[in-house]
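The values are calculated or read from the model by the stated rules, or taken from the named source; none is laboratory data. These numbers were taken from a predicted model, which means no experiment stands behind them. Using ideal geometry, Cβ is built from the backbone for each residue, glycine included, and neighbour counts are taken over all protein chains shown.
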């Protein structure tokens, strides 16, 4: 059953992170990916049909807006023990196969996903030039089982608005997708 993203309050300053880039094997921090125009932080994974459905167009959107100074970063936080297709090696393979134009980071501890209050894949957080959350919503209305074309219109509109120096509309549809695959936490012992 698909999940909808929750509301990290607009205006929230982007939480910092330091995560492994699965392609370069280097640690990447938030400051390494910040743009003076807009920064898109996306929670993705390899196996989710919702991500797979939009991935080719997401690559196009990222390439288009990177030319305008927007920064993109993908993060996967899924439990790779129970979902091995979402592990770092498989992420690297997907990044190369699809030619991802953004870093694809692995959140092994899942702490970054929790800090961002991410709940599903794909999930999009767009921060303005001051790194304040301006948009937290869907890519577009396309879903794996509907006939709506994949366009990225919602994300594009948010980015166009920010690039024009305006405030993104507060009318934002939440992301819908597969729930993040959380690690099972052991029961606390008193």
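Values computed for the structure shown
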| item | result |
| --- | --- |
| Within the range 1-100, strands (runs of 3 or more DSSP E) holding 1 or more residues that are touching a helix residue (DSSP H, G or I) at 6+ places or on another chain (Cβ under 7 Å) | 18-21, 38-43, 70-76 |
| The range 117-142, subset assigned to a loop (DSSP other than H, G, I, E, B) and within 13 Å of the chain's Cα centre (by Cα), residue surrounded by the fewest Cβ atoms within 10 Å (Cβ to Cβ) | 117 |
| Selected residue [surrounded by 16 or more Cβ atoms within 10 Å (Cβ to Cβ), touching a residue at least 60 places away in the same chain (Cβ under 8 Å), over 21 Å from residue 177 (Cβ atoms) and in contact with a strand residue (DSSP E or B) (Cβ under 6 Å, 6 or more places away or on another chain)] from 38, 95 | 38 |
| Filter result for residue 70 (surrounded by 19 or more Cβ atoms within 10 Å (Cβ to Cβ), modelled with pLDDT of 95 or more and in contact with a strand residue (DSSP E or B) (Cβ under 8 Å, 6 or more places away or on another chain)) | yes |
| Unmet requirement for residue 145, which otherwise passes all of (1) surrounded by fewer than 17 Cβ atoms within 10 Å (Cβ to Cβ); (2) at pLDDT 95 or above | (2) |
| Residue list for the range 16-28, restricted to those being loosely packed, with under 15 Cβ neighbours inside 10 Å and within 22 Å of residue 162 (Cβ to Cβ) | 16 |
| Residue within the range 103-116 that is assigned to a loop (DSSP other than H, G, I, E, B) and crowded, with 22+ Cβ neighbours inside 10 Å present | no |
| Single unsatisfied condition, residue 171 versus (1) in contact with a strand residue (DSSP E or B) (Cβ under 8 Å, 6 or more places away or on another chain); (2) part of a loop (DSSP other than H, G, I, E, B) | (1) |
| The range 146-160, subset more than 12 Å from residue 54 (Cα to Cα) and part of a loop (DSSP other than H, G, I, E, B), residue farthest from the chain's Cα centre (by Cα) | 147 |
